[in-house]
1. Is there a residue in the stretch 190-206 that is part of a loop (DSSP other than H, G, I, E, B), in contact (Cβ under 8 Å) with a residue 12 or more places away in the chain and over 22 Å from S250 (Cβ atoms)?
2. From the set of residues in the stretch 239-270 that are in contact with a strand residue (DSSP E or B) (Cβ under 7 Å, 6 or more places away or on another chain) and of a type in the set (F, W, Y), which is nearest to the ligand (Cβ to nearest atom)?
3. Here is a list of conditions, (1) in contact with a Ser or Thr (Cβ under 6 Å, 6 or more places away or on another chain); (2) outside any strand (DSSP E or B), and I106 meets all of them except one; can you say which number that is?
4. Going through the stretch 127-145 one residue at a time, which ones are open to solvent by 40 Å² or more (accessible area, probe 1.4 Å) and either part of a loop (DSSP other than H, G, I, E, B) or among the hydrophobic types (A, V, I, L, M, F, W, C) (or both)?
5. So R16 clears everything in (1) outside any strand (DSSP E or B); (2) surrounded by 16 or more Cβ atoms within 10 Å (Cβ to Cβ); (3) charged (D, E, K, R) except one condition, right? Which one?
6. What number of residues in the stretch 150-185 are hydrophobic (A, V, I, L, M, F, W, C), in contact (Cβ under 8 Å) with a residue 60 or more places away in the chain, outside any helix (DSSP H, G or I) and surrounded by 24 or more Cβ atoms within 10 Å (Cβ to Cβ)?
Amino acid sequence: MPELPDIVVYVESLERRIIGQTIEQIRLNSPFVLRTVVPPLTDIVGKRVIAVRRIGKRIVLVLEDEFFVVMHLMIAGRLRWIAPGASGKAPGTTLATLQFAAGTLIFTEAGTRKRASLHIVRGEEALAAFDMGGLDVLDADAEAFRERLLRENHTLKRALTDPRLFSGIGNAYSDEILHRARLSPIAQTHKLEPGEVLRLFASVRAVLTEWTLRLRAEAGTEFPVKVTAFRPQMAVHGRFGLPCPDCGTSVQRIVYAENETNYCARCQTGGTILADCALSRLLKASWPRSIDELG
Ligand SMILES: [Zn+2]
């Protein structure tokens, strides 16, 4: 699932292309992607884009007259941009296209499980319903982070990825953050030492900042095309069985619900292998089935 660094780079790429542009046409290839009925789709045709925002893992096109187009990519949703006259047409995975004078924005979703969504709402109040309330750690101080982290007792993996607690962090970057902080994914938030909380705060900021800079540099002036949760520069995420870049030990995993958590046993858990059935069950049990849907 695209997380904060990916979404920030998408937002910046959209800002450069569509701010000041008018929606000339909107077409739905998959009617189910649109989850709102009112206001009707036709209301946003002819409206100008005045800003692009991120709310958690959602991308919001702010239009004049307080119309908002809210896109949630979920796991497999992606955006593409086709400049006028460029070769390339909408792929078979297209959910919706928004046409501007400067080019066409294409919203795609691979696979058969259609979970990506498009909402059209009017008014800031209606838009506020999409804000899960997660703290934006890059704008927060250590005290605000500590308060949020310790608000409920959860495993660290669960706490970091809960969109009601923190904004924009999902399965991939939480693995990277916990590895950087040298903390176990199943450590309980209420048992953390004050120094561990500070280390985690520093790690969240460092990992999200580094990855945003890296993805921004990779995209350059082009629209981002390689948006994936699995990247060779990652330390542990998606690297089960491969060597930890810091100590060389094979990366481990805990499989739960539809996800898996990757970690280094030497760097993060004092050498303890967590990947047994009981721990998988524990993590799964602490996982509300809907949490990935919430993001
Ligand atoms: Zn290691």
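The values are calculated or read from the model by the stated rules, or taken from the named source; none is laboratory data. Everything quoted here is computed from the prediction, not taken from an experiment. Quick reminder, even Gly has a Cβ in these numbers, built from the backbone with ideal geometry, and neighbours come from all protein chains shown. Please note that ligands, DNA and RNA were not included when accessible areas were found on the heavy atoms of the full protein model with its side chains. Shrake-Rupley method; radii C 1.70, N 1.55, O 1.52, S 1.80 Å.
1. yes
2. Going through the qualifying residues, I end up with Y263.
3. (2)
4. A128, A129, D131, M132, D136, L138, D141
5. Just one mismatch for R16, condition (2).
6. Qualifying residue count, the stretch 150-185: 1.
The rows are residues; the columns are (1) out of contact with any Lys or Arg (no Cβ under 8 Å at 6 or more places or on another chain); (2) farther than 30 Å from A144 by Cα.
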residue	(1), (2)
V197	no, no
R205	yes, no
M234	yes, no
P243	yes, yes
V255	yes, yes
Q268	no, no
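This table checks each residue for (1) in contact (Cβ under 8 Å) with a residue 12 or more places away in the chain; (2) over 20 Å from A116 (Cβ atoms); (3) hydrophobic (A, V, I, L, M, F, W, C); (4) out of contact with any Ser or Thr (no Cβ under 9 Å at 6 or more places or on another chain).
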| site | (1), (2), (3), (4) |
| --- | --- |
| V9 | yes, no, yes, no |
| E12 | yes, yes, no, yes |
| I23 | yes, no, yes, yes |
| I44 | yes, no, yes, yes |
| K57 | yes, no, no, no |
| E66 | yes, yes, no, yes |
| I75 | yes, no, yes, yes |
| L79 | yes, no, yes, no |
